[in-house]
Amino acid sequence: MIESIAILGTGLLGTSAGLALRAADFRGTITGWNRNREHAQGALKMGALDSVAVDPIEAARTSQVVLLSVPIYATLDFMEKLAPVLGSEHLVTDVGSTKRLISEAAARLYNTPERAAFLPGHPMAGKERGGAALADANLFRGAVWLFTDDPTAQRSPHSAALVKDWRELVAAMGAKTLDLDPARHDELVAWVSHLPQFVATALSALLEEEVGDAPELKDVGGRALREMTRLGASPFSMWRDIAYTNTEAVEAALLALEQRLAHLRENLRTPALRDEFEQANRFRRE
């Protein structure tokens, strides 16, 4: 049974996880750490944490489960630092949006009978802006929490039990779990998550350039504009590591969209336009 959790990174996802654990009646201790101590104190005041740690490595060492809720390269850095100091009585997991590099590091550094377990995870939940102030105990309810676990991992009985218990806690937080191969994960999220973000970013940037100073923009732009540009409010800091670690899949998706947009542009007055609408309607119905 899990009795102690360290959340390293108390932004939107980390703080929401703490709140969701409490809402799921988790009775163990939750320690939090953030590079900006004030942000961690904010999570503490919200009730997501029992205490704020000064040293993230020590917080991890004295907890059974470590949840890495930091950007991808920071996650990889923590994985390197934690591997030598944790043992088979520990589980490390994460919430990173790309999984290939993290899964490769897990296979190299973790998941042997003598070492800590590592369970790569990715909750398909979030908001266009980050920060503990926007955290929500219900953020994961009804969402899918993806795992890219290695089925060949040779874990100790203790760490294997922690993996099972963490999966059960994720379900208790209201999430549905799904296991994927890491490469398949990165390919799929490039289409369903990363592509929509970059489309919204490009559209928002283009609108800012073309009509951003139009005084009547707020009156003319309705629901469609708000929905299409909502993700355009996401900061670069949230997406830099995703772009760097899933470049090929995102490039492929963007190129396919460029070609599709060119097809639409070339067929604005032909029956092919109707076909595009019909295919789009089928996707929404399904």
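Things to note:
- For the stretch 269-286, a residue qualifies if it is under 17 Å from Val192 (Cα atoms) and of a type in the set (D, E, K, R), and the qualifying residues are Arg282, Arg284, Arg285, Glu286.
- Per-region count, the stretch 66-90, residues farther than 19 Å from Thr31 by Cβ and among the basic types (Lys, Arg): 0
- The stretch 150-200: number of residues that are polar (S, T, N, Q), touching a Phe, Trp or Tyr at 6+ places or on another chain (Cβ under 8 Å) and under 19 Å from Val65 (Cα atoms): 1
- The stretch 7-50, subset charged (D, E, K, R) and in a helix (DSSP H, G or I), residue nearest to His122 (Cα to Cα): Arg22
- Residue that is surrounded by the most Cβ atoms within 10 Å (Cβ to Cβ) [pool: residues in the stretch 36-85 that are modelled with pLDDT under 95 and of a type in the set (D, E, K, R)]: Arg37
- Residue in the stretch 83-91 that is of a type in the set (A, V, I, L, M, F, W, C) and either touching an Asp or Glu at 6+ places or on another chain (Cβ under 8 Å) or not assigned by TED's automatic domain parsing to the domain that holds Phe140 (or both) present: no
- Comparison of Ser237, Ser204, Ser193 shows that the only residue that is modelled with pLDDT under 95, surrounded by 12 or more Cβ atoms within 10 Å (Cβ to Cβ) and not assigned by TED's automatic domain parsing to the domain that holds Ser103 is Ser204.
- Yes/no for Pro215 being within 18 Å of Ile72 (Cα to Cα), outside the structural domain of Leu21 (by TED's automatic domain parsing) and modelled with pLDDT under 95: no
- Hey, Ala117 closer than 22 Å to Arg167 by Cβ, in contact with a Ser or Thr (Cβ under 6 Å, 6 or more places away or on another chain) and either crowded, with 24+ Cβ neighbours inside 10 Å or not assigned by TED's automatic domain parsing to the domain that holds Ala153 (or both) or not: yes
- Per the listing Ala214, Ala272, the residue uniquely of a type outside the set (S, T, N, Q) and either loosely packed, with under 11 Cβ neighbours inside 10 Å or not in a helix (DSSP H, G or I) (or both) is Ala214.
- Any hit, the stretch 252-273, residues being more than 31 Å from the chain's Cα centre (by Cα), basic (Lys, Arg) and modelled with pLDDT under 95: no
- Some residue of the stretch 236-243 being in contact with a helix residue (DSSP H, G or I) (Cβ under 8 Å, 6 or more places away or on another chain) and more than 30 Å from Thr152 (Cα to Cα): yes
The values are calculated or read from the model by the stated rules, or taken from the named source; none is laboratory data. The model shown is predicted, which means the values in this text are computed figures rather than measured ones. Cβ: placed from backbone, ideal geometry, glycine included. Neighbour counts: every protein chain shown.
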